[in-house]
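First comes the structure, then the notes that go with it.
The values are calculated or read from the model by the stated rules, or taken from the named source; none is laboratory data. It should be emphasised that the depicted structure is a prediction, and the values quoted were computed from it without experimental measurement. Backbone-built Cβ (ideal geometry, glycine too); neighbour counts: all protein chains shown. Heads up: the accessible areas ignore ligands, DNA and RNA and are worked out on the full protein's heavy atoms, side chains in. Shrake-Rupley method; radii C 1.70, N 1.55, O 1.52, S 1.80 Å.
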Amino acid sequence: MPKTKIPIPPLSEQQQIATYLDTKCSKIDHIIATQKKKIAYLQELKQSLITNVVTGKIKVS
């Protein structure tokens, strides 16, 4: 079976890549968390609106 050579960047470059990816992943995680909070808030708002309409607190014509 032939051996395949895989080029490996120097350790300093590997560390730069890892740092870059950590930073980007952190930003993405923050964005996801923010969007999940917005979705939860909108779901609560929707449920509140439905409840207010059903109980007659808000009249729909």
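Tabulated values for the structure
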item: Separation in nanometres of the label points that stand 7 Å from Cα toward Cβ, at K57 and I39; result: 2.6 nm
item: Rounded accessible area per residue of the chain, 1.4 Å, Å²; result: 102 Å²
item: Between helix 11-54 and the chain: long-axis angle, C-alpha atoms, 0 to 90°, nearest 10; result: 10 degrees
item: Qualifying lysines (Cα of each under 16 Å from Cα of K27; at least 8 residues distant if same chain); result: K36, K37
item: The chain - percent of accessible surface contributed by carbon and sulfur, probe 1.4 Å; result: 64 percent
item: Cα-based Rg of the chain normalised by 2.2 N^0.38 Å, two decimals; result: 2.41
